[in-house]
Each structure stands twice: as structure tokens, then as C-alpha cells.
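The values are calculated or read from the model by the stated rules, or taken from the named source; none is laboratory data. The structure displayed is predicted, hence computed values, not measured ones. Heads up, the Cβs are rebuilt from the backbone with ideal geometry, glycines too, and the neighbour counts pull from every protein chain shown. With ligands, DNA and RNA removed, areas are computed over all heavy atoms of the protein, side chains included. Shrake-Rupley method; radii C 1.70, N 1.55, O 1.52, S 1.80 Å.
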There are 2 protein chains.
Amino acid sequence: MKPYSIRSNEELAAEKKELEKKYEEFKARGLKLDITRGKPSALQLDLSEPLLTAVVKNEDCRAADGTDCRNYGLQNGIPEMRELMGQIAGAPADQTIVCGNASLNIMFDTVSRAFTHGICGNTPWGKLDKVKFLCPVPGYDRHFAVTEHFGVEMVNVPMLPTGPDMDMVEELVSKDDSIKGIWCVPKYSNPQGITYSDETVRRFARLKPAADDFRIFWDNAYGLHHLYNDESKQDKLLNIIEECEKAGNPDLVFVFCSTSKITYAGAGVAAIASSKKNIAEISNHIKYQTIGSDKMNQLRHIKFLKDFDGLKAQMAKHADLLRPNFEMVYKKLNEHLGGLEIAKWTEPKGGYFICFEALDGCAADIVKMAKEAGLSLTEAGSVFPYHKDPRDSYIRIAPSMPPVHELEMAGDLFGLCVKIVSINKLLAERA
Amino acid sequence: MKPYSIRSNEELAAEKKELEKKYEEFKARGLKLDITRGKPSALQLDLSEPLLTAVVKNEDCRAADGTDCRNYGLQNGIPEMRELMGQIAGAPADQTIVCGNASLNIMFDTVSRAFTHGICGNTPWGKLDKVKFLCPVPGYDRHFAVTEHFGVEMVNVPMLPTGPDMDMVEELVSKDDSIKGIWCVPKYSNPQGITYSDETVRRFARLKPAADDFRIFWDNAYGLHHLYNDESKQDKLLNIIEECEKAGNPDLVFVFCSTSKITYAGAGVAAIASSKKNIAEISNHIKYQTIGSDKMNQLRHIKFLKDFDGLKAQMAKHADLLRPNFEMVYKKLNEHLGGLEIAKWTEPKGGYFICFEALDGCAADIVKMAKEAGLSLTEAGSVFPYHKDPRDSYIRIAPSMPPVHELEMAGDLFGLCVKIVSINKLLAERA
């Protein structure tokens with residue numbers, strides 16, 4: 001298609017008129033479409049039905065070591081789940097603590113703990129005048145919300161196709177000891193679907209931060225969440241825990257993971273993994289917080305998933321359900337916007353999101369316009385700290401939840417909105 | 001039996017010789033008895049087997065409002081569980097937040113939140129030079145451990161048969177604005193099994209603390225945990241939330257409760273209840289911490305327990321299992337120690353503990369001696385802040401877990417140890 005930028009005002013006005021007619025038709029249909037959050041679909045959740053009957057009798061309630069999972073104890077999780085979650089995180093079982101139902105909760109608690117008690121003998125962050133976090137952007141809104149809630153100053157770091165801009169990361173952390181952490185979603189990142197390159201992971205592992213208590217918050221939420229079951233089409237991520245060990249920086253990273261998008265988003269199992277030293281410290285802290293997380297749910301999970309192979313088999317079924325959704329969005333974006341040079345978007349091979357980049361100053365208007373015709377999109381700006389997208393350009397698309405036919409409609413409507421808002425911008429610029 | 005204090009040295013020496021012979025016989029048996037922690041027995045846990053099959057099909061997974069409990073959402077819990085937990089706590093559903101598997105976790109988080117963010121607009125406790133908590137003693141070791149972990153200065157308040165010494169509580173909180181809280185187990189208290197009198201509850205509700213952010217941490221862990229199903233033998237506790245409202249102090253109290261000793265100790269459901277204002281603030285904070293607790297477990301619980309009547313029926317079954325255990329300990333203590341005037345103990349009508357009071361300076365020795373013959377008791381001192389029992393006198397007995405025949409042996413052995421240590425003390429005093 002002919003790029004909008006080289007079309008005449010008359011051509012654009014004519015195009016706009018036609019688009020607006022279609023937009024009004026959409027509006028008249030009273031649609032209710034929602035692609036805001038990365039929630040699994042009901043069909044995906046249905047995959048875990050055997051979880052419901054994995055433990056049904058009193059005599060089923062023992063962990064491998066004989067522990068009665070119904071009773072108190074085993075603060076750090078049942079051994080077999082520590083092993084499985086460790087495999088997801090890339091750490092041995094004894095460097096993995098299995099917690100409750102959400103990795104967000106562990107991340108929050110990890111930040112909170114650093115504020116109240118400090119990390120490895122360093123001053124609690126709450127006693128410092130300033131604490132900063134690096135935030136690769138665009139990124140995950142709930143990460144940014146946690147640090148904002150604790151009054152952390154967030155510093156944007158651009159995402160490149162290889163991961164965060166490591167030149168900038170290295171420079172900042174080596175010079176400024178008030179920088180205490182960085183939020184990372186290293187595989188199929190939220191929202192771009194980027195997987196950090198081997199070189200990026202190694203540069204992370206070799207960081208020489210000015211602050212002793214600088215930690216990489218490595219939220220490997222989508223570690224096994226491929227869209228394609230052919231391994232050649234799957235992104236690969238280096239094991240950060242191993243790389244940190246090799247680099248002589250074993251304590252540099254906290255790895256978070258969960259089964260939220262493997263079994264149940266609201267009732268999965270989450271874990272934190274790190275060096276022996278970090279894990280000993282965390283374990284020594286959470287002993288005041290809990291006698292132990294829900295071991296019955298851990299037991300259900302291990303009986304259902306069985307082992308790492310079972311887990312991969314489960315992920316292959318998710319891929320089969322998710323792939324058509326993503327491919328529908330890719331198809332619609334290309335169909336409506338290909339060649340117009342008014343937008344860019346990622347086409348990830350995994351994860352839960354697509355990152356859409358409109359012309360500068362257009363994102364909020366697109367979201368508003370879509371909303372008025374019944375399509376809910378994540379609020380513009382939400383992929384940036386403080387909800388401030390400096391260019392008002394990024395929109396996160398979450399295609400996992402709706403059925404494909406709804407995504408088809410959503411794609412058509414979204415395309416219209418992007419085109420109308422872009423024409424408005426181009427015409428305004430020329431006026 | 002003739003009190004030891006009026007027996008001659010010769011009589012005591014002869015008694016001791018005989019007791020030591022029996023003690024050596026016990027030692028030779030290589031027993032392994034454990035009455036340290038308030039854990040439910042396997043038989044009690046077996047009562048909740050239907051919980052395991054309460055939700056077995058994909059189509060069972062919806063809450064009453066249609067929410068798919070497998071997915072994200074409903075941060076404060078599913079409506080029907082908020083209602084049931086609210087009934088346990090004595091609060092309406094909309095003043096109750098259902099959380100994860102442990103009230104300890106909620107209490108820890110509540111203290112932590114006060115340290116990082118403050119309560120209702122007041123200075124975060126972490127920014128204050130000194131924060132103090134009142135600790136009715138003897139009390140629950142895990143409460144004291146939480147506040148100790150946060151560097152809170154703990155001030156002992158004696159427990160009376162009516163609850164904490166309210167003259168002292170009123171005086172302290174009205175004068176000292178660094179006193180920010182008090183730990184309470186108001187019903188069948190840990191470890192004495194005392195239930196606060198109506199007057200005590202009303203005096204709590206009418207407190208006029210110097211600190212705006214003073215809160216009563218009301219851990220109603222044993223609210224329904226009677227040993228006798230005849231209502232006339234059950235302790236009654238006033239509703240603190242209602243009393244605080246009546247007194248014009250609605251924000252004064254945080255109530256904590258859980259199903260840990262109703263269903264599963266390691267996999268139950270816990271909740272916090274308070275005023276509308278407090279709950280709004282907590283809700284607004286935990287939205288950064290979690291998208292929601294495990295709703296599947298909430299759903300299992302409501303399908304199993306059904307309603308407050310169902311819950312009471314479940315508690316009656318627990319009572320039938322627990323009562324013989326407590327009564328065996330009461331019997332053995334009376335049999336071995338009655339009339340000797342070397343010990344006092346409580347005989348609660350509910351809860352999980354018996355509080356044993358030895359002669360001053362004897363508790364640690366009794367615990368050590370019992371341990372050497374194979375009987376594990378909670379560490380002496382553990383019922384006091386900083387593990388310091390000023391009189392070295394209190395021992396907490398937890399009779400819930402072992403079978404009755406083990407409690408019988410434990411009672412015999414414990415009686416021996418108490419008598420030998422007491423004779424040693426009396427003889428040493430006379431020397």
C-alpha cells in the first residue's frame with residue numbers, strides 16, 4: 001500500500017471519510033472486545049483439569065519426603081516442587097524457594113524486604129535518601145507500579161532487539177550507587193516479546209555495580225511460553241544464574257517464575273531462585289512471615305505436571321491454543337497497516353504480548369477511539385514508568401484471552417483507529 | 001498429696017530417688033514424643049477430605065458472581081468467602097479481605113506495611129526513632145518474632161484471668177505515642193486458653209491511644225475452637241469490631257483469622273477484617289502486591305464448608321477429636337502434681353494450648369530433662385518476647401497432635417521431670 005506520508009491531502013481526506021464510515025458501522029454494533037491483560041483463555045485453563053483431581057484422598061497428601069502437605073511445615077516448599085520450579089528458573093532445588101500463587105507477590109516482598117531489612121548486610125533502602133531502579137522501556141506496568149509504590153526513582157533504559165541497552169546499563173550501574181536494581185523480563189519480554197541475546201545476558205552477569213546491594217530482578221515469566229513447538233522457531237535464553245556464577249557474581253540476580261501461565265493464572269505456584277547466599281538470607285527472613293506456603297497446591301502441581309518433560313508437554317498444548325490468536329493479530333496488522341508507514345509492531349514467537357508502535361503522539365488517541373467503539377486496550381503510557389510514554393507512541397496488545405473471531409474483529413477495528421488517528425496527525429502537521 | 005514445701009529433706013531425697021529410677025526407665029525406652037507445636041493431628045486433617053473433591057471439573061471453577069477462579073482477578077477474594085471469613089472475624093464481607101494460606105503472613109505484612117508506608121497517613125514506622133508494641137505475656141512466640149524482626153521494642157503486659165492487665169494497657173497507650181500496637185489472642189489465648197472478658201474487650205474498644213496509628217492486632221485464631229460442643233461449656237467473646245464502632249473508634253483494630261485449624265493447617269484460607277477505612281487503605285496497598293490470592297482454594301473451602309453452620313459442624317468434629325487429648329493432659333497433671341504446690345496450669349475449654357507454670361527458675365531445667373528422655377517441649381522462654389521469661393517458669397504444652405496414648409506417656413514423663421527439678425530447687429534453697 002502507498003505510504004500515507006506521500007499521499008496528498010485530498011487522498012488522505014478521502015481515505016479518512018471512508019474509514020470513518022466503517023468506524024461508525026463498528027460503533028453501531030455495540031461490541032465488547034477486550035485485549036488489555038495477558039490473561040489465559042478458558043480453553044487454556046481447561047488444559048489443567050487433571051490438577052483438580054491430582055489429590056483426592058487423605059492418603060494422597062504426602063510429599064515425596066513423607067511430609068503431610070495438609071499440615072504446617074516445609075517453609076521453602078516440598079522438595080519435588082523445589083526441583084521442578086528450580087528447573088524453570090535454572091537453579092538447583094536448594095537455591096529455589098517455592099512460595100504462594102504469584103511471582104508478583106514475591107517480587108513485591110523482595111523489594112519490601114530490601115526497604116525494611118536491606119540486602120546482605122547493606123543499609124535498608126528505607127534508610128537511604130534515594131533509591132533508583134533501571135526500567136527497560138517499554139516494560140511491564142506492574143513492575144513499575146511496585147517500585148513507584150515504594151518511592152523508587154525509575155530511570156528509563158531503551159529496549160533494543162537484543163534486550164536493554166547494555167552500554168547504558170553498564171555505565172549507569174557502575175557510576176551510581178543509588179541504583180539498586182533493574183526490572184527484566186528476559187524471555188519473550190512484556191510487551192515486545194524480545195528475548196535477551198546471549199551477549200546481553202553475559203553482560204548482565206558481568207556487571208560491576210557501584211552498589212553492593214544492586215540486584216537484577218529477572219522475571220522469567222515466559223521462559224517456556226513458546227508459540228511454536230518446532231524448536232527451531234523457539235527463542236533461547238542463557239541461564240543467568242549459571243552466567244553470574246561463571247562471572248564471579250553469583251549474588252547479582254534474583255530469578256522469579258511461576259506456573260500462572262502453565263496451570264492456573266490465579267492459583268498456580270510461584271518461586272524465587274538465586275545464589276545459595278541470597279536464598280539463605282531470604283529463607284531466614286521469610287521464616288518470620290510464614291510457616292510455609294500452600295503445600296497442597298504444590299503437591300497437586302507435581303502430581304499433574306510430573307516433571308520437566310510433563311511441563312513441556314503442557315506448554316505445547318498452550319502453544320497450540322495461543323498461536324492462532326497471535327497469528328490472527330499479525331495477519332490483521334499486516335493487512336490493514338502493512339506498507340502505510342504509520343506503525344511498527346513486534347511479531348514475537350512466544351509470551352503473551354505484542355508491542356505496537358504508532359506515530360508519535362497517537363497512542364492515547366488510538367486507545368480512546370478504540371474504546372469508544374467497544375475495544376478495550378491497555379491504557380496508553382502504561383508500559384512506561386509513571387504511565388508516561390515520552391512519545392505517546394506505544395500500545396500493548398494482549399491477544400491470549402479472546403477467541404480468534406473476536407480478535408479478527410478487534411484487529412479490523414484497531415486498524416481503522418490507527419489509520420484515522422494517523423491521518424488526523426498527518427493532516428494537522430501539514431496545516 | 002502432701003505439698004513438697006512442707007516435706008523434710010529426707011522425705012524429698014527419698015522421693016527423688018524413686019522418681020529418678022522411674023525417669024531412667026523412661027530414658028531407656030528411647031521414646032520420641034513431641035508436644036511442642038499446635039499442629040492438628042492427622043485425624044483432624046482427615047475431617048477435611050471432602051475439600052479435595054469439592055472442585056473437580058472445569059465447570060466447577062466459577063465463583064457465585066461468575067468469576068472464573070482459575071484466572072486472575074478479585075484481589076480481595078471471592079464474595080462468598082469474604083462473607084464466611086467475615087462471619088468468623090465478626091465483620092461484614094466488604095470489610096473483610098481474604099488472602100492466602102496463613103494469617104501469620106497477613107500479620108507480618110501488616111507490620112511491614114506500617115513500616116514502609118505508615119497507617120492512614122501517619123509517618124511510616126520505619127522513619128521513627130522508636131516503635132513499641134505491648135505484648136501480653138505469656139503469649140505467642142511467632143507474634144513476638146515478627147515485631148522483634150522489625151526492631152520493635154516489646155513491652156510485657158501481664159495476662160490476668162480476664163485478659164491483658166487493662167489498667168496497664170490504658171495507662172501505657174494513653175501516655176506514649178511510640179506504642180503502636182498490641183498483640184492479642186483474645187479467645188482461648190495462646191498459651192493459656194484465656195478468653196478476654198466482656199469488660200476487657202470494651203476497654204480495648206474505648207482506648208484513647210496517644211498515637212493515631214496505634215492498632216490492636218486481634219489474632220482471633222481460635223474463635224470457634226471449642227473443646228466442648230455443649231454451648232454452656234464454651235467461652236464467649238464480644239465482637240471487637242462492633243465494640244470499636246460503638247465506642248467511636250472503628251479504625252482501632254485489625255482482626256486476623258484463618259481456617260488453618262478448621263480445614264488444613266498448611267493449606268487453609270486466611271483473612272483480615274477491619275473498618276471500612278482501614279480495609280480501603282489495605283486494599284489500595286495490596287493491589288501492588290498481588291492480582292489476587294488463590295481463589296481456587298477459596299472456592300474449595302466454600303463448597304466444602306458451605307456456610308457458618310457448616311463451619312460449626314466441622315468444628316464440633318474437631319472438638320470430639322481434641323477433647324480426649326486435653327483431658328488426658330489435665331488428668332495426668334492432676335494425678336502427678338495435684339496438691340504438691342510446685343506447679344499451676346490452665347485447663348482451657350478450647351484452643352490449642354495449656355500453659356504450665358513451674359516454680360521460679362525451673363522451666364528450662366524441666367524442658368531439658370524431658371528432652372533427654374525423648375519428650376520435646378516448646379523451648380522454655382519462648383512464650384515471652386526475646387525468649388526471656390523473667391521467672392523461668394512458663395512452659396507451653398500443645399496436646400493436639402499426638403495420639404492419646406502418647407500423651408499419657410508424655411504426661412507421666414513430664415510429671416516426673418517437674419517433680420525432680422522442683423525437689424532439686426527446694427533442696428538447693430534449703431542448703
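Taken about its Cα centre, chain A carries a charge dipole of roughly 460 debye when the Cβ of each Lys and Arg holds +1 and the Cβ of each Asp and Glu holds -1.
Per-residue SASA remark: residue B:155, around 30 Å² accessible (1.4 Å probe; ligands, DNA and RNA not included).
Beyond a 27 Å Cα-Cα separation, which of these cross-linked pairs lie in this structure: B:32/B:419; A:236/A:331; B:22/B:233? In this structure, B:22/B:233 lie more than 27 Å apart at Cα. Remark: label point of residue B:246 defined 7 Å out from Cα along the Cα-Cβ vector; separations to the same position in other copies 7.0 nm, ascending.
Averaged over peptide A:108-115, the number of partner chain Cβ atoms lying within 10 Å of each residue's Cβ comes to 4.
Against chain A, whose longest principal axis is taken from its Cα atoms, helix A:295-305 shows a tilt of about 70°. How many angstrom separate the Cα center of segment A:382-431 from the Cα center of segment B:298-362? Here the two parts' Cα centres lie 63 Å apart.
Comparing A:392, A:129, A:176 in a Gaussian network model of chain A (Cα springs below 10 Å), the most mobile by mean-square fluctuation is A:129.
Placing a label point 7 Å from the Cα of residue A:199 along the Cα-to-Cβ direction, the residues of segment A:128-168 with a backbone N closer than 16 Å are A:159-168.
Kirkwood Rh over alpha-carbon pairs of segment A:336-431, then Stokes-Einstein at 20 °C and 1.002 mPa s: what D in µm² s⁻¹, rounded to an integer? Let's see the in-between values first.
Numbers: Rh = 13.8 Å.
D, rounded to a whole number, is 156 µm²/s.
Length available on full extension from residue B:236 to residue B:334: 0.36 nm per residue minus the Cα-Cα distance, which gives 32.6 nm.
I'd like the interface area for chains B and A: accessible area of each alone minus the complex, both sides summed, 1.4 Å probe, protein heavy atoms only. What is it in Å² to the nearest 100?
Numbers: alone 18300 and 18260 Å², together 31820 Å².
The buried area between B and A, both sides summed, comes to about 4700 Å².
For a straight C-alpha distance cut-off of 27 angstrom, the lysines reachable from residue A:277 (same-chain residues fewer than eight places away being disregarded) are A:127, A:130, A:132, A:175, A:180, A:187, A:208, A:246, A:287, A:295.
Projecting the Cα positions of B:207, B:179, B:193 onto the charge dipole of segment B:169-216 (unit charges on Cβ atoms of Lys, Arg, Asp and Glu, taken about the Cα centre) puts B:193 furthest along the positive direction. From its DSSP helices (H runs of at least four residues, each -39,500 (n - 2.57)), chain B gives a residue-normalised ellipticity at 222 nm of -13000 deg cm²/dmol.
How large is the translational diffusion coefficient of segment B:99-138 in µm² per second when you combine the Kirkwood radius over alpha carbon pairs with Stokes-Einstein at 4 °C and 1.567 mPa s? Rounded, D is 113 µm²/s. Across segment B:215-228, rounded Karplus estimates of 3J(HN,Hα) from the backbone phi angles (6.51 cos²θ - 1.76 cosθ + 1.60, θ = phi - 60°) give 9, 8, 8, 9, 8, 7, 5, 10, x, 10, 9, 7, 8, 10 Hz, Gly and Pro being marked x. Between residue B:327 and residue A:162, the FRET efficiency from the beta-carbon distance, with R0 = 56 Å, is close to 0.20.
Give me the inter-chain shielding for B:262-274: mean count of other chain Cβ atoms within 10 Å, whole number please. Working shown, then result.
On the way: counts 0, 2, 9, 7, 18, 14, 3, 1, 0, 0, 0, 0, 0.
Across B:262-274, the average partner-chain Cβ count within 10 Å equals 4.
Per residue, the Cα convex hull of the protein assembly as shown amounts to 180 Å³. Selection among A:220, B:122, B:9 by position relative to the dipole of the protein assembly as shown gives A:220 as farthest towards the positive end (Cβ unit charges, Cα centre).
Counting only protein chains, not ligands or nucleic acids, how are B:134, A:128 ordered by accessible area (probe 1.4 Å), most first?
Numbers: B:134 0, A:128 55 Å².
Putting B:134, A:128 in descending order of accessible area: A:128, B:134.
Near residue B:61, within a Cβ-to-Cβ distance under 15 Å, what is the net charge of the other residues, with Lys and Arg +1 and Asp and Glu -1? Please list the in-between numbers first.
Details: positive: A:39, A:300, B:57, B:62, B:70, B:295, B:300, B:303; negative: A:46, A:49, B:59, B:60, B:65, B:68, B:80, B:294.
Combined, the nearby Lys, Arg, Asp and Glu give 0.
With its label point defined 7 Å out from Cα along the Cα-to-Cβ axis, residue A:50 lies at 2.9 nm from the matching points of the other copies, in increasing order. Rolling a 1.4 Å probe over the protein chains gives residue A:419 an accessible area of about 20 Å².
Rolling a 1.4 Å probe over the protein heavy atoms gives chain B an accessible area of 37 Å² per residue. For helix B:103-117, report the angle its Cα long axis makes with the longest principal axis of the Cα atoms of chain B; keep it between 0 and 90° and round to the nearest 10°. The helix B:103-117 is inclined about 60 degrees to chain B. With θ taken as phi - 60° and the Karplus curve 6.51 cos²θ - 1.76 cosθ + 1.60 applied, the whole-hertz 3J(HN,Hα) list for segment A:308-325 is 5, 5, x, 5, 5, 5, 4, 5, 5, 5, 4, 4, 5, 7, 7, 3, x, 5 Hz, x standing for glycine and proline. In the frame of its principal axes, segment B:1-115 has Cα extents of 77, 38, 28 Å, reported largest first. Averaged over the residues of peptide B:280-293, the number of Cβ atoms from other protein chains lying within 10 Å of each residue's Cβ is 5.
Across the copies of the chain, residue B:160 has label points (7 Å from Cα along Cα→Cβ) spaced 7.3 nm apart, shortest distance listed first.
Each other residue within a Cβ distance under 13 Å of residue A:38 adds +1 if Lys or Arg and -1 if Asp or Glu, for a net charge of +2. Considering all C-alpha pairs of chain B, those separated by over 28 Å amount to 52%.
Local charge for residue A:221 was computed over the other residues whose Cβ lies under 15 Å away, with Lys and Arg +1 and Asp and Glu -1, and equals +3.
For the pair residue A:28 and residue B:9, label points projected 7 Å from Cα toward Cβ lie 11.2 nm apart.
The residue among A:296, A:283, A:310 whose Cα reaches farthest toward the positive pole of the charge dipole of segment A:276-321, with charges on the beta-carbon of Lys, Arg, Asp and Glu, is A:283. For residue B:168, the accessible area of its heavy atoms, probed at 1.4 Å with every protein chain present, is near 60 square angstrom. Taking Cα atoms only, the orientation of helix A:276-286 departs from the longest principal axis of chain A by about 90 degrees. Among A:126, A:66, A:90, the residue with the largest mean-square fluctuation in a Gaussian network model of chain A, with springs joining Cα atoms closer than 10 Å, is A:66. Here segment A:357-407 exposes an accessible surface that is 55 percent carbon and sulfur, computed with a 1.4 Å probe and the other protein chains kept in place.
Annotation: amide H-H contacts under 5 Å for residue A:137 (H modelled 1.01 Å from N, sequence separation of 5 or more, or interchain): A:157, A:159.
If you take the beta carbon distance between residue B:62 and residue A:376 as r and set R0 to 22 Å, what does 1/(1 + (r/R0)^6) give as a FRET efficiency, to the nearest 0.05?
On the way: r = 22 Å, r/R0 = 1.00.
Result of the calculation: an efficiency of 0.50.
Just how large is the dipole of segment B:38-161 about the Cα centre, in debye to the nearest 20, putting +1 at every Lys and Arg Cβ and -1 at every Asp and Glu Cβ? Provide the component values of the computation, followed by the final result.
Working: 10 positive and 14 negative charges, 86 e Å.
With only Lys, Arg, Asp and Glu charged at Cβ, the dipole is about 420 debye.
Over its Cα atoms, what ratio of radius of gyration to 2.2 N^0.38 Å does segment A:179-307 give?
Values: Rg = 16.0 Å, N = 129, 2.2 N^0.38 = 13.9 Å.
Rg over 2.2 N^0.38 Å, computed on Cα atoms: 1.15.
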